[in-house]
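Chemist: Dropping the structure in here first, questions after.
The values are calculated or read from the model by the stated rules, or taken from the named source; none is laboratory data. Please read all numbers here as calculations on a predicted model, not as lab measurements. Neighbour counts run over all protein chains shown; Cβ positions are idealised from the backbone, glycine included. Heavy atoms of the whole protein, side chains included, go into the accessibility calculation; ligands, DNA and RNA do not. Shrake-Rupley method; radii C 1.70, N 1.55, O 1.52, S 1.80 Å.
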Amino acid sequence: MPVLFFLIQKEFLQIFRNRIMLPLLLIMPVFQTVLLSFAANYEIKNLAIAVTDHDRSATSRALIRKFTASGYFRLAALPADAKSAEAELATDRADLLLEIPPQMERDFVREKRATIRITANAINAVKAGMAIGYAGNMLRDFNQELLAGSPAAAPARIEIAYSNWYNPRLDYKTFMVPGILGLIVSMIICFLTALNIVREREIGTIEQMNVTPAPKWTFILGKLIPFWLLSLVMMAVGLTVGRLLFDIPMEGSLGLVFLYTLFFTPCMLGLGFLISNFSDTQQQGMFTAWFFLVICILMSGLFTPLESMPDWAQWMNLLNPIRYFVEFMRLVLLKGAGFEDIRHNFLSVLTYAVLVNSLAVATYQKRVS
Amino acid sequence: MFPFLKKEFLHILRDRRTLMILFGMPVAQVLLFGFVLNNEIKDAPIAVLDPAGDYASVTLTNKLVASGYFHIETRLGDAGAIEPEFRKGRIRMALVFPPDFGRALAHEGYATVQLIGDAGDPNTANALINYAQAIIADYQTAYNQGTGAPVGITASTRMQYNPEQKAVFNFVPGVMTMILMLIAAMMTSITLAREKELGTMEVLLVSPLRPIQILLGKTIPYLLLSMLNAVIVVLLGIFVFGMPMRGSVALLAAECFLYMFVSLALGIFISTRAKDQMTAMFFSALGLLMPTMLLSGFIFPRESMPWVLQKIGMAIPATWFNPIIKGIMIKGVGLEALATQTMVLGGMAVFLLALSLKNFKDRL
Amino acid sequence: MSPIIARDLTKTFGAFTAVDRLNLEVRQGEIFGFLGANGAGKTTALRMLTGLLKPSAGTAEVAGIDVSRHPNRVKQRIGYMSQKFSLYEDLTVRENIRLYGGIYGLKPAEIRVKTEQVLRELELTDLQNALARALPLGWKQKLAFSTAMLHDPAIVFLDEPTSGVDPLARRQFWELIYAAAGRGVTLMVTTHYMEEAEYCARVSIMADGRIAALDTPARLKARFGVGTMDEIFRAIRNA
């Protein structure tokens, strides 16, 4: 189809001539991925605690040391009373307050029991929950050490051996890097496609194209194919950097990843095209695309687990292309899943791509009504 | 200048689609965060391998399920069956008991239980193991209390500011921060870039309007729009999700304005650097919005980020504004507690406005 | 058969009627001037005739094909030049010509020949590798016209081709139009420059979506008893 060839040639000429956009496209994803993968984790570390120690005994000091030596907490302040402690919490100088009652050591020696008070800033409830969880574990360990040498009958103890498969060091980057990379490339491609077409509409070049005998689908393919190829290049660059910088395990075959991207990108392209069909100005196109993409990203399962979403949301997610992508990346890049395991996902993506692109072609009007 | 302002307003109001999205977006986000997205763990599918199935192991398993965090997806016959379940993505954790769990606990006072997490999703794995550990420890304490053994130091905990641990307390301020930034910065940068792209900016610049008037004329509508948006988000948070409003409304409004000025200045700055709308948009989205979402502490805690990123986060206005909203609405504090953050924002506002104005005057 | 026929061609946008039962026939090989003030409905009518806009009622027949029903069939036979320069500003002169040559199905050898031809005719050989953006308006318009003619269409629609162009360039442009007509091409040209009407074989004057007058410039002037097209126009407006 020579007409298609000329259209693709034109698109590439324009892409390469854009001195700002091209480098942006190649560098941005990598840069963002690197930057954000370092940021994106929910680990609790370095939480600031303020300790009010009314006891000031060897035991209380040992307890405080246990907390601060753990790496989870750091000592931010030593307020003298409850009121100044509250102030630390109010000004965000501390995330957690520890209050050790007077005579704690004496109570402990006599009755083998004592109570301390922990107050957490629970505005970020999950963070607070985790912090209290860690504090609890630390206390239990502390108790273990204290009671080990005691003459009284030792309590029964359940030892928990835990391990994490696929990511033994619980390294968030392993998980986040492929996900964020795919996310950014998807986003960019969707925007580019949408804006590119709307721009032609805004400046009028689309009209000249519409008056030629070139059929709709040729015009559409002439736009999609160059961006398709562009996305593959972006993914390749990103994955290479990821492998080098982060040493992401690439257990699943790399070929499978590429094959998938080959079929996945058309989903985003089609989406971008569809949006452009309903936008009159670049501004509108931008905002519409932004609207959908943010929602898709948030619901994709990358930042919050899919299972905790209500059923109706999980149904809606079937229309979310990014959700499939995240699932695939996780299964293949981290768990080394083979084709059989992801067949369902793959078919869903294919179906989605076909549907959305058909819709885009159907709603593209060479002749405006 | 007034007719100019009016024209800008009309222009915005006429673009229904963009308007719908400008207002629909924050509402959708708040609703999403409120009803759909949460980090809470609930009914996570797990596999149990319990060869003996004695009283202790069964009780412990039931305790785990009763917590609501776990849901038994499948019971396994042997250790070899674990891997396929993980690979297919059917379970998030495996609970493995030894064959003599109950007996060992009763007679030797010591038994082991194994937890295997699927760290392909480290967030969830970490949380699940954390919760499981806590529940097992509780079981251990209860078991021991039954036998009269020493308990040790325990903690009474209090969840300050948010006793019911509602997620909304964290995300409504976050969404507000994002929205105010989005509208003020992004829209401003795109609008100004549009004038540049279409060539109408030159027309404005040769008119009797002074540059500052042009800037104000273009940005005030968006200032008001984002204010309106913020109000909607706050009202949604309060009336639909039960967020408190313990502090002073006046202070909140003032701080919002301050923050918006900063965002506005950023938007203007971006527009002076971008040659057309697409570039402005990419700069805003990738250079402003993504870092704001990810580095400001809204979603991911800042304390656990590498030092470099924490420092970069300090240059982001949202990082300072987030605690201000939380402070006013949830903690009910006044300006004294928020002095540092307010001053930083104020400094940013002045600096950026001056910089943008200068840039705006120099470049066309 | 007439190359361009409009029968009761109508276009409404909501309550507003942009083109109201347009009836006209353009003859083979003629240069037809489609005049009218801005907003009279000229561009809308033209877009319906080229298959860019769907009519609300009536029919448009171009090259014997019912454009209202089969818009795509006519496209190989027609050329079109829009009011705003709609070639690609970030492509060079040469690249633009090549692109449209290819889209209209010209073989690579043909494209090369035609490109040289166009560059020579328009005296753009020195600027052939300059971005279209860099050309002055008059040259842009000439380029757009030549590009529209690449595939040797029998019928060409030109929407305000000389708008904003200096008088000298405008004259050069009309020379191109005459050359095409000399080759047997039928041209329908819209313009709001009334003096350009003199260059046309016949003109129609549109006002408020309707044709207020249609005839040769000479006969129109006689009918209205005036010396210039401008006065005719004013007479119609005041009627």
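Chemist: What percentage of all Cα-Cα pairs in chain B are separated by more than 26 Å?
Modeler: 62 percent
Chemist: Take the Cβ-Cβ distance between residue C:59 and residue C:120 as r, set R0 to 35 Å, and report the resulting FRET efficiency rounded to the nearest 0.05.
Modeler: Between residue C:59 and residue C:120 the formula returns 0.30.
Chemist: Same structure, new question: If you look for lysine pairs in chain A that are eight or more places apart or on different chains, how many of them have Cα atoms under 29 Å apart?
Modeler: 18
Chemist: Additional query: Could you work out the helix-only [θ] at 222 nm for chain C, with each DSSP H run of four or more residues adding -39,500 (n - 2.57) and the total divided by the number of residues, to the nearest 500 deg cm²/dmol?
Modeler: -10000 deg cm²/dmol
Chemist: Please work out whether the protein assembly as shown counts as rounded, prolate or oblate from its C-alpha gyration tensor, where a ≥ b ≥ c are the square roots of the eigenvalues and a/c under 1.5 means rounded, while otherwise a/b larger than b/c means prolate and anything else oblate?
Modeler: prolate
Chemist: What are the equivalent ellipsoid semi-axes of the range C:1-156, built from the alpha-carbon gyration tensor (square roots of five times its eigenvalues), in whole angstrom, biggest first?
Modeler: Ellipsoid semi-axes (Å, largest first): 31, 18, 13.
Chemist: Follow-up question, since we're still on this one. For a test of the definition: using alpha carbon positions, the gyration tensor, and the 1.5 limit on a/c, classify the range B:289-364 as rounded, prolate or oblate.
Modeler: Oblate, because a/c is 1.5 or more while a/b does not exceed b/c.
Chemist: From the square roots a ≥ b ≥ c of the eigenvalues of the alpha-carbon gyration tensor of the range C:1-42, which class results: rounded (a/c under 1.5), prolate (a/b over b/c), or oblate?
Modeler: It comes out oblate by the Cα gyration axes.
Chemist: Say each of residue B:67 and residue A:77 gets a label point 7 Å from the Cα, pointing the same way as Cα to Cβ; how far apart are those two points in nm?
Modeler: Result for the modelled spin labels: 3.3 nm.
Chemist: Once both axes come from the Cα atoms, what is the angle between helix B:188-198 and the longest principal axis of chain B, in degrees from 0 to 90, rounded to 10?
Modeler: The answer is roughly 50 degrees.
Chemist: If you line up the Cα atoms of chain A on their principal axes, what length do they span on each, largest first, in Å?
Modeler: Taking max minus min along each principal axis of the Cα atoms, chain A gives 95, 45, 40 Å.
Chemist: Under a cut-off of 18 Å between alpha-carbon atoms, report the lysines in cross-link reach of residue C:42, not counting same-chain residues fewer than 8 places apart.
Modeler: Reachable lysines: C:11, C:54, C:84.
Chemist: If each DSSP helix of 4+ residues adds -39,500 (n - 2.57) and the sum is divided by the residues in chain A, what number results at 222 nm, nearest 500 deg cm²/dmol?
Modeler: Calculated from helices alone, the mean residue ellipticity at 222 nm is -21500 deg cm²/dmol.
Chemist: Run lengths n ≥ 4 of DSSP H only: what is the helix-derived mean residue ellipticity at 222 nm for chain B, with -39500 (n - 2.57) per run over all residues, to the nearest 500?
Modeler: -19000 deg cm²/dmol
Chemist: While we're looking at this one, here's another question. How much length is gained on full extension from residue B:275 to residue B:315, taking 0.36 nm per residue of separation minus their Cα-Cα distance?
Modeler: Value of the extension gain: 11.9 nm.
Chemist: I'd like the distance separating the alpha-carbon centroids of the range B:191-214 and the range C:1-55, in whole Å.
Modeler: So the separation of the two Cα centres works out to 37 Å.
Chemist: OK, next. Just to verify a number: FRET efficiency for residue B:203 and residue B:340, C-beta to C-beta distance, R0 = 45 Å, to 0.05?
Modeler: Result of the calculation: an efficiency of 0.55.
Chemist: Please report the accessible area of residue C:192 (heavy atoms, 1.4 Å probe, ligands and nucleic acids excluded) in Å², nearest 10.
Modeler: We get 60 Å² for residue C:192.
Chemist: At a probe radius of 1.4 Å, what is the per-residue accessible area of residue C:198, in Å² to the nearest 10?
Modeler: Its heavy atoms expose roughly 80 Å² to the probe.
Chemist: Then there's this: At what distance in nm do the modelled label points of residue B:83 and residue C:178 sit from each other, each positioned 7 Å from its Cα along Cα→Cβ?
Modeler: 8.8 nm
Chemist: Taking chain A as the reference, fit the longest principal axis to its C-alpha atoms, fit the long axis of helix A:282-298 to the helix C-alpha atoms, and give the angle between the two in degrees, 0 to 90, nearest 10.
Modeler: Approximately 40 degrees, to the nearest 10.
Chemist: Cross-link partners among lysines for residue B:63, C-alpha distance below 21 Å, same-chain residues fewer than 8 apart left out?
Modeler: Excluding near neighbours in sequence, the set is B:42.
Chemist: On a C-alpha basis, how far is the centre of the range B:47-86 from the centre of the range A:272-345 in Å? Whole number, if you could?
Modeler: 32 Å
Chemist: A further question on this structure: Quick one: ranking C:114, B:63 by accessible area, 1.4 Å probe, largest first, what do you get?
Modeler: Ranking C:114, B:63 by accessible area, largest first, yields B:63, C:114.
Chemist: Hey, another quick one. Sort A:21, B:245 by accessible area with a 1.4 Å probe, largest first.
Modeler: Output order, biggest surface exposure first: B:245, A:21.
Chemist: Provide the gained length on full extension for the span residue A:106 to residue A:365, in nm with one decimal, where the gain is 0.36 nm per separating residue minus the Cα-Cα distance.
Modeler: Contour length minus Cα-Cα distance gives 84.8 nm.
Chemist: Further question on the same structure: How high is the FRET efficiency from residue B:114 to residue A:22, r the C-beta distance, R0 60 Å, rounded to 0.05?
Modeler: The computed FRET efficiency comes out at 0.70.
Chemist: Across the range A:249-369, how large is the tail of the calculated P(r) beyond 24 Å, expressed as a percent of all Cα pairs?
Modeler: The share of Cα pairs beyond 24 Å in the range A:249-369 comes to 34 percent.
Chemist: Of the beta bridges DSSP finds with both residues in the protein assembly as shown, what % are antiparallel, to the nearest 5?
Modeler: Percent antiparallel among DSSP bridges in the protein assembly as shown is about 35.
Chemist: Still on this structure, I have one more. Which sequence of B:255, B:195 reflects their accessible areas, 1.4 Å probe, from the largest down?
Modeler: So the residues, ranked largest to smallest area, are B:195, B:255.
Chemist: Okay, moving on. Just grab the label-to-label distance for residue B:235 and residue C:237, each label 7 Å out from Cα along the Cβ direction, in nm (one decimal).
Modeler: Inter-label distance under the simple model: 5.0 nm.
Chemist: Let's see if you can work this out: charge +1 on each Lys and Arg Cβ, -1 on each Asp and Glu Cβ, no other charges. What is the dipole magnitude of the range C:93-161 about its Cα centre, in debye to the nearest 20?
Modeler: For the range C:93-161, the charge dipole is close to 220 debye.
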